[in-house]
Amino acid sequence: MKYERPDIKETGKSFTELIKEFKSAITFEEADKIMDKINSIRNDFESMKIIAFINYSNDTNNKSFTEEQDFFDNNNPLFTDYVMEYYKALLSGKFRKELSEKYGHHLFEVAEVSLKSFSHEIIDDMQKENHLASEYMKLKASAKIMFNGKELNLQELEPFMESKDRDERQKAFNSYWKFFDDNKEEFDKIYDKLVFLRNDMAVKMGYKNYIELGYARMKRMDYNEEMVNNFRENVKKYIVPLAEKLRENQRKRLGLDKLMVYDLFYQFKSGNPTPKGDPEWIVDQGKTMYDELSPDTREFYDFMFENDLMNVFSRKGKADMGYCEYIPKYKSPYIFANMNGTDDDITVLTHEAGHAFQAYASRNFHFKEYTEPTMESAEIHSMSMEFLTYPWMNLFFKEDTDKFKYSHLTGSIKFIPYGVMVDDFQHWVYNNPGASHDERKSKWREMEKIYMPHLNYGEIDFLENGGRWQKQGHIYESPFYYIDYCLAQICAFQFWSKAIHNGNGEFKNALKDYIKLCEAGGSRPFLELLKLANLESPFEEGVIKKVVSEIETYLDSVDDSAF
Ligand SMILES: [Zn+2]
């Protein structure tokens, strides 16, 4: 895949001309053809932007990669401006009826919601916002932590945070959070600037604060703040107590008086489940798994494997993140991760492969609106894949397989209170854009006591003072992108229930639904996609309760003391 910096002036010129032609097209066929051309330009630009991002996240110290990332931080908002002109032309065009017969009405809904999230006046602010997000990413990637005589980055330190040796994991925790403590002014400063900028953008566009704009930027169209609030309330009621019970079980299992923050990652006295091979071996085992899962996943994984599209080995300077990107010009997904020898390596393989499989399955749509679903839908693909691959976990975990599944399922439950808290916190932040650093931190700590009352931070003052959120990239880089994981998890649990828990012949049907969902990509809004895949909406009264009580009953039947 060749990278070439696009000429933004030339791109803009051809784009503007095509929009003119689109507006004056005489027949529907002509308009449709021009639309194709417009989308080809978009796909080219988008592809270069993604390759630049991949290069940068792969080596944040590389000067030329940084320059290219800077170029897109500056120019992507300008490009978005052209895309908005396209959306306007699409919405007011004379062939709207014919186009929506061919492509469905959702494209027009996306155009509408996108226009709500953009205006010329905020281009400057968007550029600044991009630079700040890159700065944050760089700051985290700059971590060089001396531990046991070795220099480690944040992800390389993580395996020690779940060490069997309590002193070692405590030491690892201290070192990890010392990095954040040492840089807290910098983290505070970046976030301050981001919050002010976002609030400013919203006010300039006539919104009361950033929340409504944030929802529009996430392209949420069939649910709102009130429904999300209600979802969080249900989590407090039905999931927080179960998550707390699981923590209490963990404490008993480990035989500790008090579960401290540095014990949280350490699940079992016999040690956490670990993959029985290195990253290369893992990627190789993945081949057998996806071969056997279905012909569709086989074709997909062969494509990833043969084209070397999985960059999963940890290295210094590599950004502390895992993601899947789709490069439309090559109709090709790309997986990025930092495998580090923990069971996360497998979850990365299944999670990011779920995203990548969807990208591959919906690659024949020619435009971004349909190849890239909104995030709460996209996370169903990834999180459900984590469950649908359960029958192959023995390939990776051997004697640790049951332990892994128990740890993964309980981990998925325990994640949700944290997930909705990240969302709750951001609502508070953008409702109170003038809050000081300390006010933000004490709000966070206050929320932790509601959502995760088991937390004992001991001597780590940085955490006791409410600083934990500063490691959560989404809070800086993609505001309000978090509840998506929680909504999607409730859907993924339904796949667990159908395909795994109630197994017996249901696996094939559930997999069919899953593939149908992936193929539909982003061609429908969230709630319609759920219907297509025979999933119940997490917003529906009673759904959380039902889904979670089935898991609780199952977990109660497992003898976790045996692990
Ligand atoms: Zn994901």
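The values are calculated or read from the model by the stated rules, or taken from the named source; none is laboratory data. Remember, it's a predicted structure, so these values are computed and weren't measured experimentally. Backbone-built Cβ (ideal geometry, glycine too); neighbour counts: all protein chains shown.
Restricting region 396-437 to residues that are out of contact with any helix residue (DSSP H, G or I) (no Cβ under 8 Å at 6 or more places or on another chain) and touching a residue at least 24 places away in the same chain (Cβ under 8 Å) leaves a set whose member that is nearest to Leu246 (Cα to Cα) is Ser407. Of all residues assigned to region 252-267, none qualifies as being out of contact with any Ser or Thr (no Cβ under 7 Å at 6 or more places or on another chain) and polar (S, T, N, Q). Pairs meeting the criteria (first residue in region 334-355 and charged (D, E, K, R) and at pLDDT 95 or above, second residue within 13 Å of the ligand (Cβ to nearest atom) and not in a loop (DSSP other than H, G, I, E, B), beta carbons under 8 Å, at least 6 apart or on different chains) are Glu352/Tyr323; Glu352/Cys324; Glu352/Ile335; Glu352/Phe336; Glu352/Ala337; Glu352/Ser382.
Rundown of residues vs (1) of a type in the set (A, V, I, L, M, F, W, C); (2) surrounded by 15 or more Cβ atoms within 10 Å (Cβ to Cβ); (3) at pLDDT 95 or above, yes/no style:
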| site | (1), (2), (3) |
| --- | --- |
| Ala492 | yes, yes, yes |
| Gly505 | no, no, no |
| Lys516 | no, no, yes |
| Ile544 | yes, yes, yes |
| Leu555 | yes, yes, yes |
| Asp559 | no, no, no |
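Note on region 219-239: residues that are of a type in the set (A, V, I, L, M) and buried (at least 19 other Cβ atoms within 10 Å of the Cβ) amount to 3. On the basis of being farther than 25 Å from Glu121 by Cα, modelled with pLDDT of 95 or more and charged (D, E, K, R), does Glu21 make the cut? Judged against the criteria, Glu21 is a match.
Within region 147-187, restricting attention to residues that are of a type in the set (Gly, Ala, Ser) and crowded, with 18+ Cβ neighbours inside 10 Å, which residue is modelled with the lowest pLDDT?
By that ranking, first place goes to Ser163.
Flag: Val283 does not match the condition of being part of a strand (DSSP E or B), modelled with pLDDT under 95 and under 30 Å from Glu477 (Cβ atoms). Taken together, Lys403, Lys441 contain a single residue that is within 29 Å of Arg198 (Cβ to Cβ) and of a type in the set (Lys, Arg), which is Lys441. Taken together, the residues in region 47-71 that are within 15 Å of Asn130 (Cβ to Cβ), charged (D, E, K, R) and surrounded by fewer than 17 Cβ atoms within 10 Å (Cβ to Cβ) amount to 2.
Considering only residues of region 291-335 that are of a type in the set (S, T, N, Q) and more than 18 Å from Asp345 (Cβ to Cβ), which is surrounded by the fewest Cβ atoms within 10 Å (Cβ to Cβ)? Looking at the filtered set, the residue picked out is Asn307.
Scanning region 212-254 for residues that are basic (Lys, Arg) and under 20 Å from Pro538 (Cβ atoms) turns up Lys219, Arg220, Arg232, Lys236, Lys237.
When Leu254 is tested against (1) away from the ligand (no atom under 16 Å from the Cβ); (2) within 24 Å of Ala510 (Cβ to Cβ), only condition (2) is not met. Identify, please: which residue in region 1-46 is in a helix (DSSP H, G or I) and among the β-branched types (Val, Ile, Thr) and is, among those, surrounded by the fewest Cβ atoms within 10 Å (Cβ to Cβ)? Filtering first and then ranking leaves Thr16. Of the helices (runs of 4 or more DSSP H) lying entirely inside region 429-534, those containing at least 2 residues that are closer than 28 Å to Ala141 by Cβ span 437-451, 461-464, 473-477, 483-495.
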